[in-house]
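Take a look at the structure below.
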Amino acid sequence: MKILSRLGRLMRYTVAYAAITHCTFEYIGDFVLCKGPSMEPTLHSDNVPLTERLSKHWRTYQPGDIVIAISPIKADQFICKRIVAVSGDQVLIQKPIPIEAEFSGNSDDKKKPVMVKDYVPRGHVWIEGDNKGNSSDSRYYGPIPVGLIRSRVLCRIWPISEATGL
């Protein structure tokens, strides 16, 4: 009978710990492992930033915030980008040259980059990676809905030698 009592207590603690952990990571904040070069030199591949989800309730996202969002292209993937413009802001962007034009031998395809002026619609943000030459971002898929933003990056916690606020 003593073993069943201990097993029952262990199960209660396990369920309570799991519920607290789930609520903390789902509603307060969590850790994210960054992969890829799009945010270099701010965040490198294999850096771990600490993120929070609470401030969206009392402050709006602002240009300069680094956010974790659901990819508008691949919904099962998260992206880490910097907000460049918010609703109503004007963005002047250089449309990327299609990859086919870069590798084709035809010189007619290699045109000068085109600058386009656009506005960010209500309820959306314009995000870009810090490494503009190696980032798939709003320049490719346009502004993203604020609802896709999962959290805001507070600081880098790994590697410890590079731990800083962002």
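The values are calculated or read from the model by the stated rules, or taken from the named source; none is laboratory data. Predicted model only: the values in this text are computed from it and were never measured. Reconstructed Cβ throughout: ideal geometry from the backbone, glycine too, with neighbour counts over all protein chains shown. To get the accessible areas, we keep the full protein, side chains included, count just its heavy atoms, and leave off ligands, DNA and RNA. Shrake-Rupley method; radii C 1.70, N 1.55, O 1.52, S 1.80 Å.
Over the chain, what is the relative contact order in percent, taking alpha-carbon pairs closer than 8 angstrom and at least six residues apart?
26 percent
In this structure, the amide hydrogen of ARG150, modeled 1.01 Å from its nitrogen in the peptide plane, lies closer than 5 angstrom to those of ILE68, ALA69, ILE70, counting only residues at least 5 positions away or on a different chain.
The charge dipole of the chain, taken about its Cα centre with unit charges on the Cβ of Lys, Arg, Asp and Glu (plus for the first two, minus for the last two), comes to roughly 740 debye. Database remark: amide H of TRP158 closer than 5 angstrom to the amide H of VAL48 (H placed geometrically; neighbours at sequence offset of 5 or more, or on other chains; Pro and chain starts carry no H). Under 5 Å between amide hydrogens, built in the peptide plane, is the criterion, and for ALA85 it picks out TRP126 among residues at least 5 positions away or on other chains. Pairs of Lys residues in the chain that lie 8 or more places apart, or on two chains, and have C-alpha atoms under 23 angstrom apart add up to 18. Rounded to the nearest 0.05, the FRET efficiency derived from the C-beta distance between ARG12 and GLU40 at R0 = 30 Å is 0.05.
Compared with the direct C-alpha span, the chain from ASN134 to ARG122 gains 1.6 nm at full extension, assuming 0.36 nm per residue. Distance between the pseudo-spin-label points of SER55 and LEU154 (7 Å out from Cα toward the beta carbon): 1.0 nm. For the stretch 133-166, the residues whose backbone nitrogen is under 12 Å from a point 7 Å from the Cα of LYS74, taken along Cα to Cβ, are 136.
Exposure here means at most 16 other Cβ atoms within 10 Å; with trypsin sites (Lys or Arg not before Pro) in a DSSP loop as sites, the longest stretch of the chain lacking them is 123-166.
Across the stretch 13-26, rounded Karplus estimates of 3J(HN,Hα) from the backbone phi angles (6.51 cos²θ - 1.76 cosθ + 1.60, θ = phi - 60°) give 4, 5, 5, 5, 4, 5, 5, 5, 4, 4, 5, 4, 6, 7 Hz, Gly and Pro being marked x. Taking every Cα-Cα distance in the chain and sorting them into 10 Å bins starting at zero, the pair-distance distribution P(r) comes out as 9, 30, 28, 16, 9, 4, 2, 1, 0 percent. Couplings 3J(HN,Hα) of the stretch 150-157, computed from phi: 8, 7, 10, 6, 9, 7, 8, 10 Hz, in residue order, whole Hz [Karplus 6.51 cos²θ - 1.76 cosθ + 1.60, θ = phi - 60°; x for Gly and Pro].
Give the accessible surface of the chain per residue, rounded to a whole number of Å², with probe radius 1.4 Å and ligands, DNA and RNA excluded. Value returned for the chain: 65 Å² of accessible area per residue. Tell me the carbon and sulfur percent of the accessible area for the chain, rounded to whole percent, probe radius 1.4 Å. Whole-percent figure for carbon plus sulfur exposure: 61. The phi torsions of the stretch 39-55, fed into the Karplus equation with coefficients 6.51, -1.76 and 1.60 and a -60° offset, translate into couplings of 9, 5, x, 5, 10, 9, 4, 6, 6, 10, x, 8, 10, 10, 10, 8, 5 Hz, rounded to whole numbers, with Gly and Pro shown as x.
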